[in-house]
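Structure, as structure tokens:
Every number here is computed from the coordinates shown, using simple stated rules; none is lab data. Everything quoted here is computed from the prediction, not taken from an experiment. Glycine also receives a Cβ, built like all others from the backbone with ideal geometry; neighbour counts cover every protein chain displayed.
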Amino acid sequence: MNKYLSRAAGCLSLVLALAACKQKELDKLDDSAAALREVFATETAQVAGANKKVVLIVPAATQGPSASLGGDFKSALQKKGLSVTELKPVQLGDPMNFNDFGLKAADFIDVLRTHSDAGAIVSLVGAPLLHAGDLANLPAARPPVLIIATRQIGLAPGVPTSGVVLDQLLRARIIQLAVIDGAGSSGKTDTAHKEFDQQFQILRPNP
């Protein structure tokens with residue numbers, strides 16, 4: 001009898017240990033997401049300047065972690081004094097078709113044209129999938145564009161973008177800022193930036 005009780009206790013301890021590990025992983029994702037929202041909202045406010053109007057491009061998800069992304073970032077942006085004038089949901093396509101998965105050129109161009117008076121356009125779904133023929137359709141005068149191109153945004157899946165593509169978009173000034181995976185060095189010592197620097201880094205156009 002004691003042998004069975006011992007085995008049961010061992011199994012219970014293992015289950016509790018696994019649950020504790022899983023909870024720590026979830027807490028870490030929550031912390032990184034909170035830091036990402038805080039730092040990204042600060043960067044957006046700086047880029048937008050006096051024009052406080054911001055448009056958020058979000059995944060067209062009705063349930064799961066992705067469904068709350070827009071609301072979470074909207075709250076973070078509002079705390080920085082920004083006004084989110086629209087949450088623009090977009091269909092990203094089939095995630096198994098990597099080359100065609102992401103922010104479609106037509107959706108991106110539509111947002112630029114519709115919200116030409118915005119202080120910033122923010123994409124939570126990575127960089128736009130632009131081809132050579134799409135460049136001629138970009139408005140000459142357009143708001144600054146900031147993107148998050150990470151594998152995860154908290155518990156929600158992100159839309160990473162290759163470094164080559166990001167470099168091209170930054171050089172062409174099609175986007176003004178990109179957050180990617182990888183430890184960074186902002187040089188700032190507040191809690192949000194310290195947490196952010198452990199997981200993310202910011203890319204900007206060269207001067």
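Residue exposure proxy: Leu155, Leu169, Leu69, ordered by other Cβ atoms within 10 angstrom of their Cβ from fewest to most, comes out as Leu155, Leu169, Leu69.
How much net charge surrounds Gln91 when only the other residues with a Cβ under 14 Å from the Cβ of Gln91 are counted, with Lys and Arg +1 and Asp and Glu -1? Within the 14 Å Cβ shell, the charges total -2. The Rg/Rh ratio of region 92-207, with Rg taken over Cα atoms and Rh as the Kirkwood radius over Cα pairs, comes to 0.98. Distance between the modelled labels on Asp100 and Ala141, one decimal in nanometres: 3.7 nm (7 Å Cα→Cβ projection).
Taking the longest Cα principal axis of the chain as reference, the axis of helix 69-79 is set at about 70 degrees.
Near Thr191, within a Cβ-to-Cβ distance under 12 Å, what is the net charge of the other residues, with Lys and Arg +1 and Asp and Glu -1? After counting each charged neighbour, the total is -3. Per-peptide packing, taken as the mean over residues of other Cβ atoms within 10 Å, places 118-125, 183-190 in the sequence 118-125, 183-190 from highest down. With both labels modelled 7 Å from their Cα along Cα-to-Cβ, the Ser75 to Asp31 distance reads 2.0 nm. Compute the distance from the alpha-carbon center of region 38-74 to that of region 151-207, in whole Å. Between the Cα centre of region 38-74 and that of region 151-207, the gap is 15 Å. Here's the picture: a label point sits 7 Å out from the Cα of Leu87 along the beta-carbon direction, and within region 112-155 the residues with their amide nitrogen under 15 Å of it are 122-125.
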